């Protein structure tokens, strides 16, 4: 689960899947997401995307907000989810 390899859409559909996600690890390339969206659309299923650009995390572990600052944690900037 690294956001770099597509799953068996047809097999999972046959097993009862109604949508597909790689939650927790965002798909890292537009090309991969485009191909996944085409494949899901061809079998009338949805993609539920975890949109996050890992190259902008900079060692963060939680959202860069009050909790991170109050607890001395490296925060993940909001831009990570805005560029995908």
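When residue 80 is tested against (1) in contact (Cβ under 8 Å) with a residue 24 or more places away in the chain; (2) surrounded by fewer than 15 Cβ atoms within 10 Å (Cβ to Cβ); (3) not assigned by TED's automatic domain parsing to the domain that holds residue 10, exactly one condition is not met: (2).
Could you say whether any residue in the stretch 57-73 is within 18 Å of the chain's Cα centre (by Cα) and touching a residue at least 24 places away in the same chain (Cβ under 8 Å)? For the stretch 57-73, residues within 18 Å of the chain's Cα centre (by Cα) and touching a residue at least 24 places away in the same chain (Cβ under 8 Å): absent.
Only a single item in (1) closer than 17 Å to residue 13 by Cα; (2) at pLDDT below 90 is not met by residue 37, and it is number (2).
The values are calculated or read from the model by the stated rules, or taken from the named source; none is laboratory data. Just so we're clear, the structure is a prediction, and the values are computed from it rather than from any experiment. Here the Cβ is made from the backbone with ideal geometry for all residues, glycine too, and neighbour counts use every protein chain on show.
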